[in-house]
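Inspection log for the structure reproduced underneath, given as structure tokens.
Computed from the coordinates by the stated procedures, all read-outs in this text should not be read as laboratory data. Predicted, not measured: the structure shown is a model, and the values here were computed from it. Ideal geometry is used to build each Cβ from the backbone, glycine not excepted, and the neighbour counts take in all protein chains shown.
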Amino acid sequence: MAEEFKLGGLVLHRGKAYTLRGYGRKSESNREYVDLEDAETGARFSIPADEAYPVTMSHDDPPLRMPRKI
């Protein structure tokens with residue numbers, strides 16, 4: 001997992017981008033979890049790692065833009 005995720009990097013969860021703040025295993029289930037932060041609200045939460053996807057971008061990709069609220 002550590003090869004895929006980078007601390008401070010962006011990950012997708014349910015179609016929204018979050019900042020990765022940490023990762024590890026929960027001892028009771030031995031399942032890997034990631035700690036995410038919502039950039040808009042600052043809320044932090046943990047989810048199973050297999051529910052998050054690292055955002056990879058090349059230098060040729062346009063910058064990510066947040067959708068405007070109407």
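Of all residues being within 13 Å of Gly9 (Cβ to Cβ) and touching a residue at least 24 places away in the same chain (Cβ under 8 Å) in region 21-38, which is nearest to the chain's Cα centre (by Cα)? Just the residue, please.
Checking each candidate, the answer is Leu36.
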Region 17-27, subset surrounded by 12 or more Cβ atoms within 10 Å (Cβ to Cβ) and among the charged types (D, E, K, R), residue nearest to Glu4 (Cα to Cα): Arg21
Hits in region 28-58 - residues which are surrounded by 12 or more Cβ atoms within 10 Å (Cβ to Cβ), among the charged types (D, E, K, R) and assigned to a strand (DSSP E or B): Glu32, Asp35, Glu37, Arg44
